[in-house]
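All remarks here apply to the structure that follows.
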Amino acid sequence: MENKAVENIHHHYAIFKPWGYLSQFIYNGQRKKRKKLLGELYDFAPNTMAIGRLDQDSEGLLLLTTNGKESFRILSQKYEKEYYVQLDGLITDEAITLMKTGVEIGIEGQKYMTKPCKAFKIDPPDLPERARKIRDERHGPASWASITLREGKFRQVRKMTAAVGFPTLRLVRVRIGEHTIDGLHAGSVREMKTL
């Protein structure tokens, strides 16, 4: 007799989340103004969930899956998450060193010391224009840095750059583990066989 076991097929996606979108499919708050949701970008399979989040003002790589086990695995601290951040002012070597070794930030009303991470200055990266214009040179100089973490506290990168005196103007996640935004443009989706 033939084995008729049904294989559980899951769907996986990589998307370049544009600025202004929430990292969710359902809006649970009061609708004072219309919020843009991920489901507006693509016809995702039922039960698709975002693996982690990028806040409304952040952009870049977001992985999605219908497999909860995969979501849990990728959220673990085994996977690096790399961000390109545009900063208010010309970031110093001292500020980079502070972020590498750990800085104190606030998380849910408590003081938290970030874990050591990778951080270095970069030239302005080749990224798509953001949907909402960022201030221009008349408001002072800006610079770019790459920050790679294995943890992911709420608005951690923004809090880290502010803690060293260089507030974030733009934040783009460019990599999660081996997955990158290469070949994606703002709002585009790539279906994948595995994560």
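Can you list which of the GluC sites (Glu not before Pro) found in the stretch 83-144 are DSSP loop residues with at most 13 other C-beta atoms within 10 Å?
Glu108, Glu129
For Ala45 and Tyr27, calculate 0.36 nm times their separation in residues minus their Cα-Cα distance, and state this gained length in nm to one decimal.
Fully extending the segment from Ala45 to Tyr27 adds 4.7 nm.
Ranked by Cβ crowding within 10 angstrom, fewest neighbours first, how are Asp93, Asp57, Asp88 ordered?
Listed from fewest to most nearby Cβ atoms, that is Asp93, Asp57, Asp88.
On a 22 Å Cα-Cα criterion, which of the cross-link pairs Lys35/Lys115; Lys36/Lys133; Lys100/Lys121 come out too long?
The answer is Lys35/Lys115.
Quick check: net charge around Phe154, other residues with Cβ under 12 Å of its Cβ, Lys/Arg +1 and Asp/Glu -1?
Once positives and negatives cancel, what remains is +2.
For Val103, Val172, which order do you get if you count the other beta carbons within 10 Å of each Cβ and list the fewest first?
Val103, Val172
Using the reciprocal of the averaged 1/r over all distinct C-alpha pairs, how large is the Kirkwood radius of the stretch 81-176 in Å?
13.7 Å
If amide H atoms are built 1.01 Å from N in the plane of the peptide, which residues on other chains or at least 5 residues away come under 5 Å of the amide H of Leu54?
Ser23
How big is D for the chain, in µm² s⁻¹ as a whole number, if Stokes-Einstein is applied with the Kirkwood radius of its Cα pairs at 4 °C and 1.567 mPa s?
D = 72 µm²/s.
Report relative contact order for the stretch 81-176 in percent, whole number only (criteria: Cα-Cα under 8 Å, sequence separation at least 6).
51 percent
Where a number appears in this text, it was derived from the coordinates with a stated rule and is not lab data. All values reported here derive from a predicted model rather than from experimental measurement. Counting neighbours? That spans all protein chains shown, and the Cβs are built from the backbone with ideal geometry, glycine included.
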